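Remarks on the structure that follows.
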Amino acid sequence: VSTQSTWAAAILSAGAFLRILAVVTLIVTLLIHFLQPETQVGPSEFSGLRSTLRSFKGFFLNKHTRWFLVFVLTLRVGFMPVEASSTLLLIERGFHKEHISSMTIYLTLANLLSSYIAGVALRGKSYIKALFRLYLGKFPVHLIAFLILINVNIDHFSLWYYLVLFAMVLVQCIQAPSFLTVSSIVGSVCEEEVGGLYMTTLYSAINLGVKIAESVTLVLLGFLPFNLVFVLGLIYSAVFYLIWRRRVSSWADLPKDEWRITTHIRANGKKE
């Protein structure tokens with residue numbers, strides 16, 4: 001069967017897909033707005049725009065939040081070569097965009113299922129300890145994905161399609177729980193008195209870390225072969241683990257008060 005004929009008929013056009021996505025997003029937003037009750041928090045000294053901006057200082061005054069920001073900004077760099085460049089590699093080896101897009105539904109299911117299973121398995125356990133176990137698990141998973149990606153042969157499309165899908169599902173099944181553990185750490189240490197700023201800042205740092213990792217990877221791929229970038233990524237990841245292992249492990253034993261930024265803001269204000 002010709003691969004061209006197999007993928008010739010599109011189920012949805014790009015415009016129709018985006019319109020459906022927009023409608024679904026609007027409906028979910030309205031449901032959350034009208035049906036999800038919010039806890040009313042009384043005013044505090046950290047209410048208002050000026051105080052909100054001032055409270056950013058607390059993230060850098062508290063050594064734990066300061067190091068956590070550095071940690072999440074650099075966390076994803078080492079394993080990004082496979083995640084960021086898999087699509088480019090597949091297209092280079094003859095896969096059509098339709099082939100790659102068809103994998104999305106399986107990757108989405110893998111994301112949801114692995115996140116749910118991880119959430120149930122980690123209930124009541126230390127997310128920080130789980131984070132580094134998952135980090136170590138990325139080494140064999142990304143190595144398997146790398147070996148599959150560099151050996152793709154479009155002449156045996158059916159076989160390699162499912163091998164690539166298997167590799168991408170593996171990567172998704174290790175990455176989704178990893179993201180869940182980092183997000184859970186943020187949720188467990190955030191300070192209610194500061195409001196949404198605390199969680200939003202840390203989540204923004206996590207997302208920025210992903211963009212930094214993607215940018216570094218794509219820049220390196222501009223003048224280095226993929227194989228070398230992958231090896232450099234593994235070396236980075238191993239060094240990253242050795243550098244951060246002790247500090248991150250110590251976070252598991254910290255009381256929540258140690259993550260407070262308001263205490264440092266007040267103390268700094270008195271000095272000024």
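The values are calculated or read from the model by the stated rules, or taken from the named source; none is laboratory data. Note that the structure is predicted; figures quoted are calculated from it, not measured. A quick note on method: Cβ atoms are made from the backbone with ideal geometry, for glycine too, and the neighbour counts reach across all protein chains shown. Remember, those area values only see protein heavy atoms, side chains included, never the ligands or the DNA or RNA. Shrake-Rupley method; radii C 1.70, N 1.55, O 1.52, S 1.80 Å.
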Point to revise | Residue selected from the stretch 218-272 under the condition assigned to a loop (DSSP other than H, G, I, E, B) and modelled with pLDDT of 85 or more, by the criterion least open to solvent (accessible area, probe 1.4 Å) | key: LEU224
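Considering ILE185, ILE144, which residue is of a type outside the set (Ser, Thr, Tyr), part of a helix (DSSP H, G or I) and either closer than 17 Å to MET80 by Cβ or touching a Lys or Arg at 6+ places or on another chain (Cβ under 6 Å) (or both)?
Criteria check complete, one pass: ILE144.
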Point to revise | Top-ranked residue of the stretch 230-251 - restricted to ones that are over 17 Å from the mean Cα position of the chain (by Cα) and small (Gly, Ala, Ser), ranked as nearest to LYS63 (Cα to Cα) | key: SER250
Exercise for review: Kindly provide the set of residues from the stretch 196-229 that are within 19 Å of the chain's Cα centre (by Cα), over 14 Å from LEU75 (Cα atoms) and in contact (Cβ under 8 Å) with a residue 60 or more places away in the chain, ordered by number.
Suggested key: TYR198, THR201, LEU218
Review point. Just checking, which of PHE46, PHE56, PHE60, PHE34 is buried (at least 16 other Cβ atoms within 10 Å of the Cβ), modelled with pLDDT under 80 and out of contact with any His (no Cβ under 6 Å at 6 or more places or on another chain)?
Key: PHE46
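This table checks each residue for (1) open to solvent by less than 60 Å² (accessible area, probe 1.4 Å); (2) in contact (Cβ under 8 Å) with a residue 40 or more places away in the chain; (3) not hydroxyl-bearing (Ser, Thr, Tyr).
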| residue | (1), (2), (3) |
| --- | --- |
| ARG76 | yes, yes, yes |
| PRO81 | yes, yes, yes |
| SER86 | yes, yes, no |
| LEU90 | yes, yes, yes |
| SER101 | no, no, no |
| GLY119 | yes, yes, yes |
| PHE132 | yes, yes, yes |
**Study point:** Complete set of residues in the stretch 196-217 that are at pLDDT 85 or above, among the β-branched types (Val, Ile, Thr) and over 18 Å from LEU232 (Cβ atoms)
**Key:** ILE206, VAL210
